[in-house]
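Here's the structure, in structure tokens; my notes come after.
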Amino acid sequence: MEAIRTHQSLKRGLSIIEVIASNGGPSTLADITRKTGLARSTAHHLLRALVEFGYLVRDENNLTYSLAPKLFRLTKPSWTKEQLAEIARPFLEKLRHLTGEGTSLAVIRNGVVTIVAKCESEGPVRVVQEVGATRPIYCTAVGKLLAAWLPKKELDYIISNTVFEKMTAATITSPAQFRRELSHIRKTGFAVDNEEHIKGIRCIATAVRDHSRKVCAALCVVGPKDNLPRKKLPNIQQHLVDVSSALSVRLGY
């Protein structure tokens, strides 16, 4: 009899994990009970156990449940852009609140740097960013940050196929200069776009790591250069470190 009860509990717990995984994002208790057919009390009990064992994460603000990094450490997949965007949203909002400027998250896939999530500044002067927009790898903070942590073979291939177009007076225009910049980024942990991509715009980015300990994304603060003077950069860097560290932990780092 005990074995039967254990079997039933395991089956129900796995069905909850399957529902949350199929939803592709945070799930409410009501949604879980509806899709699993479990009684509310039973589902609540199993959810608490799954959170306690580290297989689910509960958002105390929204009262929702998401897959925990433990599952990804076990199966070792890479995060999809959609998953990263969903998970990163509250972290981007927090970073915007701390800095007062726009924030974004970017990834690199097959040599292409793409914005997967963003949170625009609420100020009167802002930098408009579009989710899904691509960024040059050699003259943007997110591009340079992601390039700095690529495997050598992949980086060499990208550099050999990059046209270093001069976007502004400050743009990096040679492979040698780009490689020196990447070396500096690996030492400091930060990449800065000082009007290199768009005149008048300054960005600073740092790395986000996941359960594999690899850099999976770049977290960025962006704004008009007058809003981000050099004297403010150390403060911005500290906020970036704090938020990127928290997001990395959320991703299983």
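Counting only Cβ charges, +1 for Lys and Arg and -1 for Asp and Glu, the dipole size of the range 117-233 around its Cα centre is about 480 debye. Straight-line cross-link partners of LYS35 among the lysines, defined as a Cα under 26 Å from its Cα and at least 8 positions apart when in the same chain: LYS11, LYS70, LYS81.
A Gaussian network model of the chain, with springs between Cα atoms under 10 Å, assigns the largest mean-square fluctuation among SER160, SER15, SER174 to SER160. The residues LEU14, LEU105, LEU38, LEU240, when put in order of fewest to most other Cβ atoms within 10 Å, stand as LEU14, LEU38, LEU240, LEU105. Remark: the range 228-244, residue by residue, has Karplus-estimated 3J(HN,Hα) of 10, x, 4, 5, 8, 4, x, 5, 4, 4, 5, 5, 4, 4, 4, 6, 5 Hz, where x stands for each Gly or Pro and the curve is 6.51 cos²θ - 1.76 cosθ + 1.60 at θ = phi - 60°. From its DSSP helices (H runs of at least four residues, each -39,500 (n - 2.57)), the chain gives a residue-normalised ellipticity at 222 nm of -15000 deg cm²/dmol. Which of PRO229, PRO90, PRO69 moves the most in a Gaussian network model of the chain with Cα springs under 10 Å? Sorting by GNM fluctuation, first place goes to PRO229.
Under a Cβ-Cβ cut-off of 14 Å, what is the net charge of the residues other than PRO229 that fall near it, where Lys and Arg count +1 and Asp and Glu count -1? Here the count lands on +2.
Among PHE178, PHE91, PHE53, the residue with the largest mean-square fluctuation in a Gaussian network model of the chain, with springs joining Cα atoms closer than 10 Å, is PHE53.
Seen against the Cα atoms of the chain and their longest principal axis, helix 175-188 is set at about 50 degrees. Across the range 159-174, coupling constants 3J(HN,Hα) worked out from phi with the 6.51/-1.76/1.60 Karplus curve, θ = phi - 60°, read 4, 5, 10, 9, 9, 7, 6, 7, 8, 9, 5, 9, 5, 5, 10, 9 Hz, and Gly and Pro carry x. Placing unit charges on the Cβ atoms only, positive for Lys and Arg and negative for Asp and Glu, gives the chain a dipole magnitude near 560 debye about its Cα centre.
Listed by chain and number, the lysines whose C-alpha is less than 20 Å from the C-alpha of LYS225, apart from same-chain residues fewer than 8 away, are LYS118, LYS144, LYS166, LYS199. In terms of other Cβ atoms within 10 Å, LYS153, LYS118 run from fewest to most in the order LYS153, LYS118. When Rg and Dmax of the Cα atoms in Å is computed from the coordinates, the matching label among (1) 21.0, 76; (2) 16.6, 46; (3) 17.8, 56 is (1).
Each reported figure results from applying straightforward, stated rules to the coordinates on display, with no laboratory input. In this text the structure is predicted, and so the values were computed from the model without any measurement. Here Cβ is always computed from backbone atoms with ideal geometry, including for glycine, and neighbour counts include all displayed protein chains.
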